[in-house]
Each structure stands twice: as C-alpha cells, then as structure tokens.
Amino acid sequence: MATSATGGFLSPSGAVTYGQELEDLFQAFIVGVTGLDGTLVRPRWQPEPLPMPSITENWCAFGIKTITPDDGPYFEQHNTNIDNIRHEVLEVFLSFYGLQGQQLANTFKNGLGIPQNIQQLLSFKFVDVSAITTAPDFLNQQYVHRYDLVATFRRKTTQQYAVDTLQSSQIKFNRG
C-alpha cells in the first residue's frame, strides 16, 4: 500500500458502511421499530426480487434514496496518518403495504422520535421524516394499499490515509 513517503495513489483504511451492510443496518432498524417480521422488510431494489406478498399482508420495502456529502472534507493530521472526516445526509425511502400499512407507517414515524430507538443506529442521528403519502399501486387488476415516507438521517464518516508528518527537522544557516 502506498504512503506519502513512497508516492503513488493513497487508498483509505477504515471502512465506512455502505451497500449491503448499510441496507442490513436499516432493515434491522425498521424491523425493530415496526415489529414486522424480518422477511417482510425488504430492500426495494434487488437483483432477483422476491415474490410480492398478498395484498392483505403487511410488509415494507425500503431503499437508501440519496447520500449527500457536506461541501468538503475536514482533514485531521496525526503522526502517521491523516483522517478524512465528512458528514453525510442519508434519505431512506420507505413504502408500507397491506391492510395496516398506514398504521405501520405511522408506527415507524412515531418510533423515530424515541431516543432509545435512534441509539440502535449507532453513528446515525435522526434529522426529519416526511409526511406519509398514500400512493396505491394498481397490480393484477386491483389496487394495493401503499403508504410512502422518507426518513432523513445524518452521520459522520472517517477514513484514514497514510500521510506522514514532518515531526522534526534540523536547519543550519550559513552566514556568508
């Protein structure tokens, strides 16, 4: 791995949670807040979507809609590395389906106001939740109840880069 002493491109160490790990974190959070069975809280966009539950079954589809970084990173220098610190805003789009879909959407919305629930997200802070929008789907010649909302969260991310510091130096001046 390259360092500032060796030259070349610098890659970060210290993983930030994205992708499947991030979806797993929010899936567990939604399950915990709503009480839905884990198999009925599903990532919205899947390579091979599962069969849709019956129209009477309560379930949730979610997706991380946007991840917006702050305007620029903050760098914190240490002896053997530099920390790249950013803040991100994440928008999670949720759709609740089923006969109690509207109730579950409200249960989730209200659960976001409980500090003990938010603490389960570890490094995330709850920012805001949108209005619940009724958005029925027309599938197989019938309407399916659907209730949408967007929950917004904020987090701080840190990644380390191997950038050495100049710790000491001896300078000799010659007067000529």
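The values are calculated or read from the model by the stated rules, or taken from the named source; none is laboratory data. From a predicted model like this one, the values you see are computed outputs, not experimental measurements. Note that each Cβ is placed from the backbone with ideal geometry, even for glycine, and that neighbours are counted across all protein chains shown. Only protein heavy atoms, including side chains, enter the accessible area calculation; ligands, DNA and RNA are left aside. Shrake-Rupley method; radii C 1.70, N 1.55, O 1.52, S 1.80 Å.
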Notebook entry, point to check: Tell me, what % of the accessible area of the range 33-176 is carbon and sulfur with a 1.4 angstrom probe?
Noted result: 50
Next item on the list: Subtract the Cα-Cα distance of Leu22 and Leu99 from 0.36 nm times their separation in residues, and report this length gain in nm to one decimal.
Entry: 24.9 nm
Item checked: Sequence-separation-based contact order of the range 45-176, relative, with Cα cut under 8 Å and 6+ spacing, percent -> 29
Checklist line | Protection proxy ranking of 17-28, 111-122, 145-156 - average other beta-carbon atoms within 10 Å, highest first | finding: 145-156, 17-28, 111-122
Check: Which aspartates and glutamates, on any chain, are close to Lys109 with Cα under 17 Å apart, when same-chain ones fewer than 8 places away are left out?
Finding: Glu91, Asp128, Asp148
Check: To the nearest 10 square angstrom, how much accessible area does Thr158 have with a 1.4 angstrom probe?
Finding: 60
Check: Residue by residue through the range 120-133, which ³J(HN,Hα) values in whole Hz follow from phi under the Karplus form 6.51 cos²θ - 1.76 cosθ + 1.60 (θ = phi - 60°), with glycine and proline marked x?
Finding: 5, 7, 6, 8, 9, 10, 6, 10, 6, 9, 7, 5, 8, 9
Item checked: Counted charge near Thr68, where neighbours are those whose Cβ lies closer than 12 Å (Asp, Glu -1; Lys, Arg +1) -> 0
Check: What FRET efficiency do you get for Phe75 and Lys125 if R0 is 22 Å and r is their Cβ-Cβ distance, rounded to the nearest 0.05?
Finding: 0.50
Checklist line | Mean-position separation - Cα centroids, the range 5-62 and the range 99-134, in angstrom | finding: 16
Checklist line | Net charge of Cβ neighbours under 11 Å - reference Ser123; Lys, Arg +1; Asp, Glu -1 | finding: +3
Next item on the list: For Phe138 paired with Asn110, estimate the spin-label separation in nm (one decimal), with each label point 7 Å from Cα along the Cα-to-Cβ line.
Entry: 3.4
Next item on the list: With a probe of 1.4 Å, find how much accessible area the range 101-152 has per residue, and write the answer as a whole number in Å².
Entry: 61
